[in-house]
Amino acid sequence: MEIKKVLMIGAGQMGNGITQVMAMSGRQVAMFDVKQEFVDKGIATIEKSLNRSVEKGKMTQNEKDAVMGRITTGVEWGPEDCDVDLAMEAVVEDMDLKKSLFKKLDEWCPERTIFATNTSTLPVTAMGSVTSRPHKMIGMHFFSPVPIMKLIEGVVGLATDEDTYKSIEALGNSLPNKTFIKVADSPGFVGNRIMVPMMNEAIYTLFEGVAEPEVIDNVALLGFNHPIGPLRLCDAIGLDTILHVMEILYGEYGDTKYRPCPLLRKYVEAGWLGKKAGRGFYNDYKK
Ligand SMILES: NC(=O)c1ccc[n+]([C@@H]2O[C@H](COP(=O)([O-])OP(=O)(O)OC[C@H]3O[C@@H](n4cnc5c(N)ncnc54)[C@H](O)[C@@H]3O)[C@@H](O)[C@H]2O)c1
């Protein structure tokens, strides 16, 4: 099935980025969040990103206006918004919340609608199991910042059928600058299972006083040729998200190699969540 109309639940860091690339590929997207200020912030982020493309000559003003014209927004969503080919969520990483959203979507969406989650680590199969259409549930795991990062992990649940996979693979590969890669539904999939424990280990080196943040990041920049150091990356993603992922990996695998670093927990408790909070492992962000 060709995906033409998309319902996007969540206008945060990932939700607005996914909305942007879907709209850039010609799809109609309705983006929702719980408060108008979150929706406004999401739209402002999209606008800023597209303005940069216009300034750099990668897009004309008319093209930008056409992309913005394909996006609608709202805070209250109901059955009237659910006649879509794809209903996708990028709300906070909370299984109960995600399940309750998919239950509601299952009631309101027509039979053809495919469900996708942008979860970083939670089991896609379990989300599908609360609906009457587990064969139409799939993970589309984008990376941040969405308009820039090339990878989408296509997470195939136990019950996901071939039609659903093929439709979402075609969608993923049609998005600007994106490559869709198939992985199985396993905690952390492939990307986060490799990357997040590495970031947690970098936090341990800070916690144990092995080196300062700049030094730890420089090791990755100069020694591994990474474009960004692990602590700066933690700040960009959000320390609460990193802690969530580590807790899920630890809980799902029951292996102490996934134990979240106590310093990570302390920073989250302090509200030092990284760039979005104005402070994380670095304190040089605009407040
Ligand atoms: N941040 C990353 O780098 C990253 C990367 C890949 C995947 N993810 C995953 O994407 C999802 C979203 O992460 P994020 O970084 O965009 O978080 P975020 O906090 O920036 O955005 C989440 C948004 O969901 C909204 N929301 C909460 N409950 C809602 C509801 N009931 N209805 C509608 N909106 C609701 C919040 O108001 C918020 O605006 C999470 O599952 C996360 O694990 C994050």
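Results, tabulated for the structure shown:
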{"read-out": "Candidate set from segment 124-151 (those that are within 22 Å of residue 97 (Cα to Cα) and within 11 Å of the chain's Cα centre (by Cα)); member that is surrounded by the fewest Cβ atoms within 10 Å (Cβ to Cβ)", "value": "144"}
{"read-out": "Residue list for segment 240-287, filter: without any contact (Cβ under 8 Å) to a residue 12 or more places away in the chain, closer than 21 Å to residue 124 by Cβ and in a helix (DSSP H, G or I)", "value": "250, 251"}
{"read-out": "Extreme residue, farthest from the ligand (Cβ to nearest atom), among residues of segment 11-46 that are under 23 Å from residue 165 (Cβ atoms) and assigned to a loop (DSSP other than H, G, I, E, B)", "value": "26"}
{"read-out": "Lone qualifier among 106, 96 - being more than 21 Å from the chain's Cα centre (by Cα) and under 25 Å from residue 185 (Cβ atoms)", "value": "106"}
{"read-out": "Those residues of segment 160-180 which are crowded, with 18+ Cβ neighbours inside 10 Å and of a type in the set (A, V, I, L, M), in sequence order", "value": "168, 171, 175"}
{"read-out": "Residue 49 being within 16 Å of the ligand (Cβ to nearest atom), in the same structural domain as residue 179 (by TED's automatic domain parsing) and assigned to a helix (DSSP H, G or I)", "value": "yes"}
{"read-out": "Answer residue from segment 131-176, given it is part of a loop (DSSP other than H, G, I, E, B) and in contact (Cβ under 8 Å) with a residue 40 or more places away in the chain and is nearest to residue 85 (Cα to Cα) among those", "value": "175"}
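The values are calculated or read from the model by the stated rules, or taken from the named source; none is laboratory data. Please read these numbers as outputs of a predicted model, since none were measured by experiment. No Cβ is skipped: glycine too gets one built from the backbone with ideal geometry, and neighbour counts run over all protein chains shown.
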